[in-house]
Every structure is written in structure tokens, then in C-alpha cells.
Amino acid sequence: MNDQLLIQNNLTLAGRAGAVDRPWILRGYILAFCFAPSVIVLLLGRQAYDPSTLVLSGHVALACGSYFALFLLRDKPLLNPIQAVVFLFHWWFAVGPGMAVLFGALRNDPDLLDKYASFGGEALWIVAVGLPLYALCAKQTMFFSRGRIKPLAFLMPEGPLYLPKTLYVYWIFGGLLTLIIAVLGRFGIVGNVPVNYLGGKMSENWFVSSLETISGVALIATVGVIGYLTGPYEKHSPKFKIIAIGLIAFNTVTALFSGWKGAIVQTFALLFIVRLIWRQKIPGVLVILLAVSYLFVIEPFVSQMRMAAEIAHIETPEERTELFMTAMDQGISIDELRDIQVNIESPFRFVYEYANGITEESTFFEGPWEGTISEGLLALVPRAIYPDKPEGHIGNFFARYFGNAAPDNYEQSLGVSIPFEVLGNYGYVAGILSFALIGILWTALVVWILSEDRLATHPLTPLAIIYALSMESSIGAFLARLRDLPLVLGAAFLIWYMMKKHL
């Protein structure tokens, strides 16, 4: 059963079959997402000291380019991992600057207004051309893959969601491995060891590190159970609803101690994705709750704790956790909440700002760097095979290059997105063409894992969409996560065989 039929059946059972009558490409929230930021910049950007024609025209070009890219991908239901890349880049390069200009005008903040309306603009045109190229290559790759790329049967459930017993097996399998790792740790045999308080790790024992990677197969069940909370109506189960709610609460609390804003938001992002896919409707209450929580609680809290960690010279994750727990116990007063200055740039990861900085130092065929791509490709080679390979701290190189970290700070990291890392090495033309390469490789990967028929409704679709967010990072960091995929897939195959090929 394909995506469209599964979603139609779900909406019929919910009494909202008419929700799919109108093509998603014509829905109001899609049109607003694509074009509203450019309208905001055009109307309010002129309040800047010296509004840039390149910026203003670039926003119009990006609005049209993003919409055209989505138009090319309209034959698949909303939302799947291939479409998600278009939404992601539009979020960084259109919605982010649009919101910054709006806040700059409302707060009478000329610095913020000038920053996004008076400077740069080259990056907008790169993305405006790149996204339609990405979509065209993705569409052609899907067409070419039919009959040539056989999807992974051992990840495909028989129905809309994984069976309850399948979820239990995934959890038990991952839990047993976690227990084995803990026992080995008591005897001093450890795999990945922390190298800084931000969670950076280095492998000390390849075998135990492999077990840690394989134990991540439990994440399949954690993502799969969210479908029982808000997915297909015929599969709703009160017991699994409770489990899903409990896991969301547990992961949120755990993530608060991690020091990573993304880890806190991730669980709610998964919930948002599942609701959007199966209901074909934006969960407005969830969006507002998440936006308010992030801007007024999560972002200022995590930022303050990171500053406190640096002042206190925190060196290990355990010390970081203790610091965060102390802060949680003390709480946040109402007066502190009133004094919070909303950091509207934070949800958009400053990617637009960094990308503009790169394009200003680049030409059509040259960029300011060299070697970050080749070093990143070595991430696919296990250190057990190549002990002398570089550490791969490209994100830290970016942080020091842009002045976000001191020259001797080798812990802080940031991302500029994969296309702009390519652009920083080889210039504008290569940066644009990288969108085409991403369209081919990313589409082939997700079609292989999820199948073309269930790009949107596969239980692992939300996980693939979250993985697409990693395109913010360097090529090396993105590939490092991909390197672990064979071990997880091997574990999933074993479970599938144990389940007698019934998921």
C-alpha cells in the first residue's frame, strides 16, 4: 500500500477525507511559508540604513526557487525526506532572515535590520538556483530507481506501523547491548570516551564502540511508537500512547542536561512530523507551544548554562550534568523571564550569516579554503583501519574561522551547510552543482531505506527527516553518522530474521 492510499484511509477514518482533495502545493501554509518571508523583507527591509538590491531581489528569487522545487516534488505526499531538504534550506535562508527583519523593525533594532537587509545576498541566489536543481535531480533519481533500487525489506512493516511485538524486540535488543556495555565499563573496557563537556567523543575500543552503535537500533522502536500516539487511527493503542508520552517526557528531561538545544527539540520535531504526515494538517498548538518554549525557556537556559560551564571550566559531561541539575533545582524566576531578550536568530542556526560570509570571499571557481572536503571524506574510514586519519574537527575549524571560538578553542563547533562548505572550497559553480549531487545521493539513499511507495508513511520517515537536518554540519560530520548505518542495518536484519520476517 502506497503513501497516498494510507494517508487517504487514515483521513477517511478520521472523518477528514476532504483534507487531501486540495493538492498540498496549493495549501495556504505552503504558499505562506514560501512567499511570506520575501514579502516581509520587501516591505520592512527598506527601513534599513542602506537596503541591498541584491538582498531584496535574492529573497524574491529564493521564494520562487523554493516553490518551484516543491512543485517538482508535488507528486509525493507531504512530508517526506526528499521534500524536507527544500523546506530546510528555505527555513535557513528565507524564513530566518524574514523573521530577523520583522523583529528588527518591531523592536526598533537597526543593527539587526541592517544585518539582514543591507549586507550579503549572494547566498540567496546560490540557494535560489540550487534548490530547483536539487529537486529536478531528485525527481529523475526516483524515476531511474524504479526497478533498479530494491528497498530494504527487513525495515518494512506489514502494515502502517511496526507491530507491538516488533517494538518490544527492538527495545530489548538495544537494552541488552546497553547492559553489556555497562558491565564491560565496570571492568575498565570502554568504547567511546568523552573528550569535552559538550559531548565530543573518541573511540578507545572499536569493539565496544561498535556495540554502542548497534544498541542505537532501539531508536527505531522509540521513533516507531510515536506513530501510535498520533498516526493511523486504526492502529491507536492506549498502552502505546502512554509509552509514547512517557518517552517524550523522559527524552526531554534527559536532553535538558545535554547542553544541546537540538536534542531538546528533536522529540517534539518527530511528533510534529508524524502529525503532519498522517493528518495532513499543521498542528498549530504544538507549533506555538514549541516556539514559545524554545525562544523564552530552552534557548536562554541552555545559553546561560553553557556560559556558566565555560566560566567554571567544566571539562566532562558528568560535571556539565551536575551544573544543569543544580540550575534546574533553582528554577527560573518570573523576573528573569521578563528580562529575556529573544534571540530570534537561534532557531535558524545563523547558517545564512555564515553562508554570506563564505560567498563574499569566493569567486565562481575558488573559495577561501581547501582540504575540508577531502578530510571529511576520510570520516567513512574506520580509525581501526587508518589510525593516523585526521580528527575531523571541521566544525571547529569553521567556528575559529568565523571568530565564534578563540584560536586555541578546539571544542566549539558550528555548521555552514554542505553546499556552502563545497562553495568555500571550490567556488560558486561547485556550490550550486553540489545541490544536484545531494539530490541524487540523498534520494537514492532514502528510496533504498524507505522505498519510493512509502517515502512519507514509513515508520522511519521522521528519523530520516531529522537526519536531513545534519546537512547543516560539515561533510565529514554528516558522513560520520552515515558510517554507522551498516551496523544498525545489520542489527535490524537480525531482528527481522528472528521475527520470521514479520514486522
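The values are calculated or read from the model by the stated rules, or taken from the named source; none is laboratory data. Values in this document were obtained by computation on a predicted structure and should not be read as measured data. Here the Cβ positions follow ideal geometry from the backbone for every residue, glycine too, while neighbour counts run over all protein chains shown.
Quick look at the numbers
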{"item": "Tally, over segment 426-456, of residues that are under 18 Å from the mean Cα position of the chain (by Cα), assigned to a helix (DSSP H, G or I) and of a type in the set (Gly, Ala, Ser)", "result": "1"}
{"item": "Any hit, segment 112-126, residues being more than 24 Å from residue 429 (Cβ to Cβ), more than 22 Å from the chain's Cα centre (by Cα) and outside any helix (DSSP H, G or I)", "result": "yes"}
{"item": "Residues within segment 45-95 that are in a helix (DSSP H, G or I), surrounded by fewer than 24 Cβ atoms within 10 Å (Cβ to Cβ), modelled with pLDDT under 95 and of a type outside the set (A, V, I, L, M, F, W, C), tallied", "result": "4"}
{"item": "Residue ID - nearest to residue 99 (Cα to Cα), chosen from residues in segment 333-379 that are modelled with pLDDT under 75 and surrounded by fewer than 13 Cβ atoms within 10 Å (Cβ to Cβ)", "result": "341"}
{"item": "Residue list for segment 288-315, restricted to those being assigned to a helix (DSSP H, G or I), at pLDDT below 85, more than 22 Å from residue 246 (Cβ to Cβ) and of a type in the set (Val, Ile, Thr)", "result": "292, 302, 311"}
{"item": "Residue list for segment 167-189, filter: closer than 15 Å to residue 209 by Cβ and either surrounded by 15 or more Cβ atoms within 10 Å (Cβ to Cβ) or of a type in the set (Val, Ile, Thr) (or both)", "result": "177, 178, 180, 181, 184, 189"}
{"item": "Conditions (1) hydrophobic (A, V, I, L, M, F, W, C); (2) modelled with pLDDT of 70 or more; (3) in contact with a Ser or Thr (Cβ under 9 Å, 6 or more places away or on another chain); number of the one not met by residue 225", "result": "(3)"}
{"item": "Sole exception among (1) under 23 Å from residue 366 (Cβ atoms); (2) in contact with an Asp or Glu (Cβ under 9 Å, 6 or more places away or on another chain); (3) without any contact (Cβ under 8 Å) to a residue 12 or more places away in the chain for residue 405, by number", "result": "(1)"}
{"item": "Members of segment 116-131 found to be at pLDDT 95 or above and either over 21 Å from residue 432 (Cβ atoms) or surrounded by fewer than 21 Cβ atoms within 10 Å (Cβ to Cβ) (or both), listed by number", "result": "125, 129"}
{"item": "Filtered residues of segment 344-378 (kept if in a loop (DSSP other than H, G, I, E, B), β-branched (Val, Ile, Thr) and under 23 Å from the mean Cα position of the chain (by Cα))", "result": "344"}
{"item": "Yes/no for residue 113 being surrounded by 21 or more Cβ atoms within 10 Å (Cβ to Cβ), farther than 22 Å from residue 125 by Cβ and of a type outside the set (Gly, Ala, Ser)", "result": "no"}
{"item": "Residue list for segment 406-425, filter: surrounded by fewer than 19 Cβ atoms within 10 Å (Cβ to Cβ) and over 20 Å from the mean Cα position of the chain (by Cα)", "result": "406, 407, 408, 409, 410, 411"}
{"item": "Test set (1) part of a loop (DSSP other than H, G, I, E, B); (2) within 17 Å of residue 52 (Cα to Cα); (3) not small (Gly, Ala, Ser) - residue 151 fails condition number", "result": "(2)"}
{"item": "Wholly enclosed helices (runs of 4 or more DSSP H) of segment 459-499 bearing at least 3 residues among the hydroxyl-bearing types (Ser, Thr, Tyr) and over 14 Å from the mean Cα position of the chain (by Cα)", "result": "none"}
